[in-house]
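Asks: Got a structure here, written out as structure tokens. Questions coming.
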Amino acid sequence: MSILKLTPSCKDYIWGGRRLIEEFGKDFSGDVLAETWEISCHKDGLSTISNGDYAGKTLLNYIQEKGTQCLGTNASPFEYFPILVKLIDAKDYLSIQVHPDDSYALEHEHQYGKTEMWYVVDAKEGAFLYYGFSKSVSKEELKERIQNNTLLEVLNKVPVKKGDTFFIEPGTIHAIGKDILIAEIQQNSNVTYRVYDYGRVDANGNGRELHIDKAVDVINRKQYVESQKSDSHLANCKYFTVDKMILDGTYTEKVTNDSFVGLLFVEGNGSILDSDTNLDFKKGDSFFIPANEETYTIKGTGVALKITLPSPC
Ligand code: ZN
């Protein structure tokens, strides 16, 4: 087998910072780097392989050449590569937004919807994000609050610290706050309905496009109630399973024919190896290991997020 080291697609959205360049070693010449699409086969930002026989090709090329068996049997319900893994450096507030579910997105956008999860890689003192409503609102109240700039008053404001995780079901209104660095694992989709953007305008005085009617259609307007987690995974839904690996020494695991393994290192450094590959890793690096029956070993210290596909129910 071969372990593939990935080079991300870089996005310079206005709210981004420089931490992904300066602390995570991302190679980007622009002023700000908001997002790196680390494990991505989405046309809006493909990740590229940086080692071995496929160096320089995209991960999508690799999968097309190898065939879908490299994704594992659990990928069978999906028409295309099902997930997208990003690092996000929010130096400023992201817009208040919502994502539709599959049925709404397929009907209105001809794309899948978006379920996503966040792992807080780092956050400054006092950082917070918005996640759901602090009280239930009617459709009329929601529209009125968007119009008269009082939406924030009814959002559930959550302080965050390193290591926190959030699972964002479609329909959940949300926004990442400033001074937060997040790893995001999501469905392979780029459908976002922007509800409110703090009245921000660019140098020409233009605000970013809002999608209020569609957002109001899909937003879950009920008060957010915390639910108890029932298993040991960081996240587990029909699209992805995410596990946190705390590394200190040597860790060996067998990959299965059920699913490929995606790895995103969020802390530490060391090496990752198998029978014919031996690669260094540092925080911010991502890898794709095709589905097979072989073992791989990680030596070093740090924290990694391991992403696999769950068995279809
Ligand atoms: Zn989102």
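The values are calculated or read from the model by the stated rules, or taken from the named source; none is laboratory data. Computed from a predicted structure; not experimentally measured. Glycine also receives a Cβ, built like all others from the backbone with ideal geometry; neighbour counts cover every protein chain displayed.
Asks: I'd like to know if the stretch 43-52 contains one or more residues that are at pLDDT below 95, in a loop (DSSP other than H, G, I, E, B), out of contact with any helix residue (DSSP H, G or I) (no Cβ under 7 Å at 6 or more places or on another chain) and away from the ligand (no atom under 16 Å from the Cβ).
Replies: The answer is yes, given that some residue of the stretch 43-52 is at pLDDT below 95, in a loop (DSSP other than H, G, I, E, B), out of contact with any helix residue (DSSP H, G or I) (no Cβ under 7 Å at 6 or more places or on another chain) and away from the ligand (no atom under 16 Å from the Cβ).
Asks: Being under 21 Å from ASP102 (Cβ atoms) and buried (at least 17 other Cβ atoms within 10 Å of the Cβ): is that true of LEU305 here? Working first, answer last.
Replies: Values: under 21 Å from ASP102 (Cβ atoms): no; buried (at least 17 other Cβ atoms within 10 Å of the Cβ): yes.
The answer is no for LEU305.
Asks: Here's something else I'd like to know. When you look at THR150, is it closer than 25 Å to PHE167 by Cβ and either of a type in the set (S, T, N, Q) or away from the ligand (no atom under 16 Å from the Cβ) (or both), yes or no? Steps first, please.
Replies: Working: closer than 25 Å to PHE167 by Cβ: no; either of a type in the set (S, T, N, Q) or away from the ligand (no atom under 16 Å from the Cβ) (or both): yes.
Spelling it out, it is not the case that THR150 is closer than 25 Å to PHE167 by Cβ and either of a type in the set (S, T, N, Q) or away from the ligand (no atom under 16 Å from the Cβ) (or both).
Asks: Among the residues in the stretch 17-26, are any surrounded by fewer than 19 Cβ atoms within 10 Å (Cβ to Cβ), in a loop (DSSP other than H, G, I, E, B) and among the aromatic types (Phe, Trp, Tyr)?
Replies: no
Asks: What are the pairs with Cβ atoms under 8 angstrom where one residue, in the stretch 98-109, is among the aromatic types (Phe, Trp, Tyr) and the other, located anywhere, is within 15 Å of the ligand (Cβ to nearest atom) and not in a helix (DSSP H, G or I)? Sequence gap at least six, or different chains.
Replies: What qualifies is TYR104/GLY113; TYR104/PRO170.
Asks: Could you list all residues from the stretch 153-202 that are polar (S, T, N, Q) and within 11 Å of the ligand (Cβ to nearest atom)?
Replies: Within the stretch 153-202, THR172, GLN186, GLN187, SER189, ASN190, THR192 qualify.
So that you can scan it fast, the table gives a plain yes or no per residue for (1) within 16 Å of the chain's Cα centre (by Cα); (2) at pLDDT below 95:
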position: LYS124; (1), (2): no, no
position: SER138; (1), (2): no, no
position: ILE146; (1), (2): no, yes
position: ASN149; (1), (2): no, yes
position: LYS157; (1), (2): no, no
position: ALA175; (1), (2): yes, no
position: GLN186; (1), (2): yes, no
position: VAL201; (1), (2): no, yes
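Asks: If I ask for residues that are in a loop (DSSP other than H, G, I, E, B) and either of a type in the set (D, E, K, R) or touching a Cys at 6+ places or on another chain (Cβ under 8 Å) (or both), which ones from the stretch 251-265 would you list?
Replies: Looking only at the stretch 251-265, we keep the residues that are in a loop (DSSP other than H, G, I, E, B), and these are 255-260.
ASP258, PHE260, listed by residue number.
Asks: Considering only the stretch 1-16, how many residues are part of a loop (DSSP other than H, G, I, E, B) and either touching a residue at least 24 places away in the same chain (Cβ under 8 Å) or more than 20 Å from ASP202 (Cβ to Cβ) (or both)?
Replies: First pass over the stretch 1-16, keeping only residues part of a loop (DSSP other than H, G, I, E, B): 1-3, 8, 12-15.
Now drop any that are not either touching a residue at least 24 places away in the same chain (Cβ under 8 Å) or more than 20 Å from ASP202 (Cβ to Cβ) (or both), which leaves 1-3, 8, 14-15.
So the count comes out to 6.
Asks: Could I ask something else about it? Mind listing whichever residues of the stretch 227-249 are assigned to a loop (DSSP other than H, G, I, E, B), in contact (Cβ under 8 Å) with a residue 24 or more places away in the chain and among the hydroxyl-bearing types (Ser, Thr, Tyr)? Working first, answer last.
Replies: Step one: of the stretch 227-249, the residues assigned to a loop (DSSP other than H, G, I, E, B) are 227-234, 237-240.
Right, trim to in contact (Cβ under 8 Å) with a residue 24 or more places away in the chain and you get 234, 237-240.
Scanning the stretch 227-249 gives a single hit, TYR239.
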